[in-house]
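Taking it in order: structure first as structure tokens, then the write-up.
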Amino acid sequence: MKKLSILVLLVFVSFSVNGQTAEELKKEQAPKKAQIAKLQGEVNALQAKIDALPGWRKGAFGTVGGSLSGFNNWYSKSAANSSAGNIGITVNGFANLIEEDFFWRNSGSINLGWVKLDDKDDPSDNGSFEAATDVFTISSLYGKRLNKKWALSGLAEYRTTIIENFNNPGYLDFGIGATWTPTDNLVVVMHPGNYNFVFSNGESVFESSLGAKIVADYTKKYGKLSVKSNLSIFQSYEDADLSNWTWTNSFGYTIWKGIGVGLEVGLRDNKQEALNYLQTRDINPIPSATFDTVDNKLQTYWLFGMSYAF
């Protein structure tokens, strides 16, 4: 009994010593954390001054998402013997020349996705990967500064698909007007004089027109989080049915050595594309459909997966 009491006492003392040691270490750790926070604040301030200097700013980050699966004699599925796959890739990049009296901002984004569902018991089934998401955009904006926040500007922007139907349709905007840059990370383009060239093969519903162009682009890095949001609007002066807009949002969070997780979400409204799809789709096309009868639903896509910051 005496030995047991001594053993309990030793265990109690051991826990007490460890507890006191942990508290002492925490007290020693606290001022060091404060020093690190102060130094990080100074580093961030210096980086902000570096970013404000004239010259080139370049950067890129992307996301890769995918899944593969296979089933053999899995009788709870209607396709008991099958394989499926989903692969997506998105990349966003920019190269901006910022000077005191002018700027030249260039950006590009690409989002490609493939899916497949192979039913091994169906000989007529197409078991290959097919394009699912197909978005490609590049833009170039030049501005001559009137002051720190306003500039006279010219914009060229091109949008199309590259896996299927390259340049069919393709959209090329040329316009002039003004650009507002309230911060280094936000650019708002307002061009009342813009021509929207639309390219397509053969006879189609697509038409080019004169209109106004508005673009808002936000690019920012918050520590390990990279954010890019781009809203591009074309408002036709000739016919509202020829107007369109696209809004993409990309997020990348770095976990280790540039590798992390990423998310991209895209929204689009384009009545010309909706009508063309209704008239030419593979299943139950309606060649007689018009702008008045088409159901112009909101177009969306999203991709979540691993990301890499360049």
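Tabulated values for the structure
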item	result
Glu203, Glu264 arranged by Cβ crowding within 10 Å, fewest neighbours leading	Glu203, Glu264
Correct choice for Cα Rg over 2.2 N^0.38 Å that was computed from the model, options (1) 1.43; (2) 1.05; (3) 1.00	(1)
Between 0 and 90°, nearest 10: helix 2-52 axis offset from the chain longest Cα axis	40 degrees
Over the stretch 187-288, equivalent-ellipsoid semi-axes from the Cα gyration tensor in Å	34, 20, 9
Dipole magnitude (debye, nearest 20) for the chain, charges at Cβ of Lys, Arg, Asp, Glu	2280 debye
Pairs from Lys149/Lys224; Lys148/Lys221; Lys49/Lys257; Lys32/Lys224; Lys148/Lys271 whose Cα-Cα separation, in the structure shown, is over 32 Å	Lys148/Lys271
Filtered trypsin sites (Lys or Arg not before Pro), the stretch 112-149: DSSP coil and at most 15 other beta carbons within 10 Å	Lys120, Lys148, Lys149
Residue (of Leu141, Asn126, Gln29) at the positive-pole extreme of the chain, dipole from beta-carbon charges	Gln29
Per-residue [θ]222 nm for the chain (sum of -39500 (n - 2.57) over DSSP H runs n ≥ 4, rounded to 500)	-7000 deg cm²/dmol
Leading residue at positive end of dipole, the stretch 56-309 (Cβ point charges), from Gly266, Tyr253, Ala240	Tyr253
Point-charge dipole on Cβ atoms (K/R +1, D/E -1) for the stretch 153-310, about Cα centre, debye to 20	940 debye
Derived scalar couplings ³J(HN,Hα) [the stretch 171-186; Karplus, 6.51 cos²θ - 1.76 cosθ + 1.60; whole Hz; x for Gly, Pro]	10, 10, 9, 10, x, 9, x, 10, 10, 10, 10, x, 9, 5, 9, 10
Dipole in debye (nearest 20) - the stretch 85-179, about Cα centre, beta carbon charges: Lys, Arg +1; Asp, Glu -1	860 debye
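Since every read-out is calculated from the coordinates, none of them should be taken as a lab result. This one's a predicted model, so the numbers in the text were calculated from it and none came from an experiment. Glycine also receives a Cβ, built like all others from the backbone with ideal geometry; neighbour counts cover every protein chain displayed.
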